[in-house]
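Nothing in this text is a laboratory measurement; each read-out follows from the coordinates by a stated rule. Everything numeric here is computed off the predicted structure, so don't read it as measured data. All Cβ positions, glycine included, derive from the backbone under ideal geometry; neighbour counts span all protein chains shown.
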């Protein structure tokens, strides 16, 4: 079991009263991701509301500021990651007819993942592959091979098609392209945000990270198409169809923000063992309870 402790500090300057904030910075509480301790600190006594989505486990924090000036939001937590681990050869795709209703939205095109425009490409590249975990891994590897990680190369308008054409992007762009390719061949995939242990220092200081969860054999499995993170060290905050659903901060009003300040480290778990996240060839999930599937759900050729 991996135990991680981390903090996220967000600094803002509010120039006009009446601003609203919606944050996704709380660690999700799932069957395999347990929040042991957490604390939220605000530099102003703002009105706040919290809401947890019962399906995705995303935890929303809403703030309203009637005053101007600096605002610091700091969240710190200690989290246990007790991953569900599976042999990739035994992880199957699920036929559309057998998907749970809550999974269906992740089959459709969305704002940043226009999967309908990538149908021909996805069919040509991946349509004849064995249908299971290995096909999704092939999609992940293809994205990593065809897109170069480069900071400040995209913005809030960049879609998966734009990333494919330009061949560069940041973690959210890699995630959008992989999601779109999966959905184009009827594999449910969703956008996940959080922070990660072990990001490449050459990329600069720790930051929020976007990755992909794909629905296979009744669970959401983790994939990092950017190749910059260690999947075993990803702490999930939010999930959605794409970045429009899962931004770490959505701001309404006259606000200027600074770069987030993030710290993260592995600490000894409840057995006194220091388990450091590492790369593995096994299939990993921190999702909740296995969703029921018909007993004839098997890998298909």
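Between residue 130 and residue 20, the simple spin-label model (points 7 angstrom out along Cα→Cβ) gives 5.1 nm. Helix 133-146 and the longest principal axis of the C-alpha atoms of the chain enclose an angle of approximately 60°.
Here the Kirkwood formula, the inverse mean of 1/r across different C-alpha pairs, assigns the range 10-89 a hydrodynamic radius of 14.6 Å. Less than 17 Å from a label point 7 Å out along the Cα-to-Cβ axis of residue 138: which backbone N atoms in the range 87-117 qualify, by residue? Only 88-94 pass the distance filter.
Sort largest first and round to whole Å: the equivalent ellipsoid semi-axes of the range 231-287, each the square root of five times a Cα gyration tensor eigenvalue.
They are 31, 18, 9 Å, listed from largest to smallest.
Normalised size of the range 77-148, defined as Cα radius of gyration per 2.2 N^0.38 Å with N residues, equals 1.36. Find how many whole Å separate the alpha carbon centroid of the range 14-93 from the alpha carbon centroid of the range 150-186. Cα centres, the range 150-186 to the range 14-93: 25 Å. Within the range 226-245, list the residues whose amide N lies under 19 Å from a label point set 7 Å along Cα→Cβ of residue 200. In the range 226-245, the label zone of residue 200 (backbone N under 19 Å from the point 7 Å along Cα→Cβ) covers 226-234.
Using Cα-Cα distances under 8 Å and only pairs 6 or more residues apart, what relative contact order does the chain have, in percent?
Values: 719 pairs, mean separation 88.9, N = 301.
After rounding, I find 30 percent.
Sort 220, 142, 130 so that the residue with the fewest other Cβ atoms within 10 Å of its own Cβ comes first and the one with the most comes last. Could you put the intermediate results ahead of the total?
Details: 220 25, 142 18, 130 13.
Lowest count first: 130, 142, 220.
Run the numbers for residue 146 and residue 52: contour at 0.36 nm per residue of separation, minus the present Cα-Cα distance, in nm. Stretched fully, the residue 146-residue 52 segment lengthens by 30.2 nm.
Rounded to two decimals, the Cα-based Rg/Rh of the chain, with Kirkwood Rh, is 0.97. Using Cα atoms only, what is the angle between the long axis of helix 171-184 and the major principal axis of the chain, expressed in degrees (0 to 90) to the nearest 10? That works out to roughly 30 degrees. Round to the nearest 0.05 the FRET efficiency obtained for residue 269 and residue 37 when R0 = 22 Å and r is the Cβ-Cβ distance. Calculated value: 0.95.
Mean separation of Cα pairs under 8 Å and 6 or more residues apart, divided by the residue count, gives the range 1-98 a relative contact order of 45 percent.
If the viscosity is 1.306 mPa s and the temperature 10 °C, what Stokes-Einstein diffusion coefficient in µm²/s follows for the range 129-257 when Rh is the Kirkwood radius over Cα pairs? Don't skip to the answer; put the middle values down first.
On the way: Rh = 15.0 Å.
D, rounded to a whole number, is 106 µm²/s.
Taking the number of Cβ atoms within 10 Å of each Cβ as an exposure proxy, the fewest-first ranking of 113, 19 is 19, 113. Summed over all non-identical Cα pairs, the Kirkwood treatment of the range 141-190 gives a radius of 10.8 Å.
Adding -39500 (n - 2.57) for every DSSP H run of four residues or longer, then dividing by how many residues the chain holds, sets the calculated 222 nm ellipticity at -4500 deg cm²/dmol.
Per residue, the convex hull spanned by the Cα atoms of the range 43-183 measures out at 184 cubic angstrom.
Quantify how much of the Cα-Cα distance distribution of the range 189-244 extends past 19 Å, in percent. Numbers along the way, then the final one.
Values: 372 of 1540 pairs.
Cα-Cα pairs of the range 189-244 separated by over 19 Å account for 24 percent.
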